[in-house]
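Input: a single structure, listed below in structure tokens.
Derivation of every value follows stated rules applied to the coordinates shown; laboratory data play no part. What you see is a predicted model, and the numbers here were worked out from it, not measured in a lab. A quick note on method: Cβ atoms are made from the backbone with ideal geometry, for glycine too, and the neighbour counts reach across all protein chains shown.
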Amino acid sequence: MITTQEFIEKWRRVTLSESSASREHFLDLCDLLEVDRPAKADPTGKSFTFEKSVKKLDGRTGRADVWKKNCFAWEYKGKQASLIKAYSQLKEYADALENPPLLIVSDMKEIRIHTNFTNSVVQTRIIQLADLRSPENIRLLRSAFENPEYLRPNKSRESVTADAARALASISQALQQRKYEPRRVAHLLNKFVFSMFVEDENIGLLPDRLFAEIVEEALRQPDSYFGDTLRDLFGAMRSDKDRFGKTTIPWFNGGLFDDDDVLPLTSIEIRALMQATRLGSRSISRGQGKLGTSIAA
């Protein structure tokens, strides 16, 4: 057994690589949650196992770090690695893993639970190490092993879109309170909404949730990172066959990216933008017209 405080203190200090630490982290988590470890729950490895082999949609072979049938697929990444890319990786595996209702990613300091229920909106719950002191977060994690239905979203796509609109509207209001011209603010917010729309997995024009990753990284980087990086991205989006780093970016005509103007956002406003991206680009894309109207008000 391991107590919550012991777990937090241990994994706060650990700086080992993903390959060295991930399995021990998962086993410690099983002990913390008082659920059976994979080998005890399923000695055959047919329904609960580490390193579950899968075939990707392109025919190549991959491995999910942990899989429990009808519960979850779980992918680990090391320190500073992208949990957004880990989530994208799990989505590639989902069909081969019988579409588990939960797709979970972790870097040992943070656990993100993405719902994957059929005919339901996608909801993401983020649990930091210190958040494990909350009984509700322990219940959420235990439910992932024993009762995934507990995590089924009870919101409609319309309410999720409304939540995203409120997050973006808060950015609009804050910028206007700082005396930025309303049309300039609205133009920037439209760029944000469009970027979330085109990185939706069914649209796929911005690969690997590129915009969402920039927003998340902005919280860990110097103040100049957000503006400088988005200006580079928006500049690439207005040019035919341009690149952003190693990524080829399509040309988006129509005038939205005729300029690369980006207003400075505070960390609170970047968190609001991150909340909107985490609500799920698919939900945002289906309600794009309504969302644009809401944030422009």
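Things to note:
- Sparse-neighbourhood loop sites, GluC sites (Glu not before Pro) in the range 81-119 - DSSP loop, at most 16 other Cβ within 10 angstrom: GLU98
- If R0 equals 45 Å, the separation of the Cβ atoms of ARG183 and SER159 corresponds to a calculated FRET efficiency of about 0.95.
- Placing unit charges on the Cβ atoms of the charged side chains and taking the dipole of the chain about its Cα centre, the candidate lying farthest along the positive direction among ALA174, SER159, CYS30 is SER159.
- Under a model in which nothing but the beta-carbon of Lys, Arg (+1) and Asp, Glu (-1) is charged, the range 4-151 shows a dipole of about 320 debye around its Cα centre.
- Greater than 20 Å apart at Cα, pairs in LYS40/LYS85; LYS55/LYS91; LYS69/LYS91: LYS40/LYS85
- Relative to the longest principal axis of the Cα atoms of the chain, the long axis of helix 18-33 makes an angle of roughly 70 degrees.
- Between helix 182-198 and the chain: long-axis angle, C-alpha atoms, 0 to 90°, nearest 10: 40 degrees
- Taking percent of Cα pairs over 35 Å apart as calculated from this structure, the corresponding entry among (1) 23; (2) 38; (3) 34 is (1).
- Gaussian network model of the chain, springs between alpha carbon atoms under 10 Å - residue of ALA162, ALA130, ALA218 with greatest fluctuation: ALA130
- Residue with peak Gaussian network fluctuation, the chain [Cα springs, cutoff 10 Å], from VAL14, VAL193, VAL105: VAL14
- Computed from Cα positions, the angle between helix 223-237 and the longest principal axis of the chain comes to roughly 70 degrees.
- If only the Cβ of Lys and Arg carry +1 and only the Cβ of Asp and Glu carry -1, the dipole of the chain around its Cα centre is close to 300 debye.
- Mean-position separation - Cα centroids, the range 1-74 and the range 128-187, in angstrom: 27 Å
- Each residue, THR247 and ASP31, gets one label point 7 Å from its Cα in the Cβ direction; the gap between the two is 3.9 nm.
- Counting every other Cβ atom within 10 Å of each residue's Cβ, ARG139, ARG23 order from fewest to most as ARG139, ARG23.
- Going from the fewest other Cβ atoms within 10 Å to the most, the residues LEU233, LEU219, LEU168 appear in the order LEU219, LEU233, LEU168.
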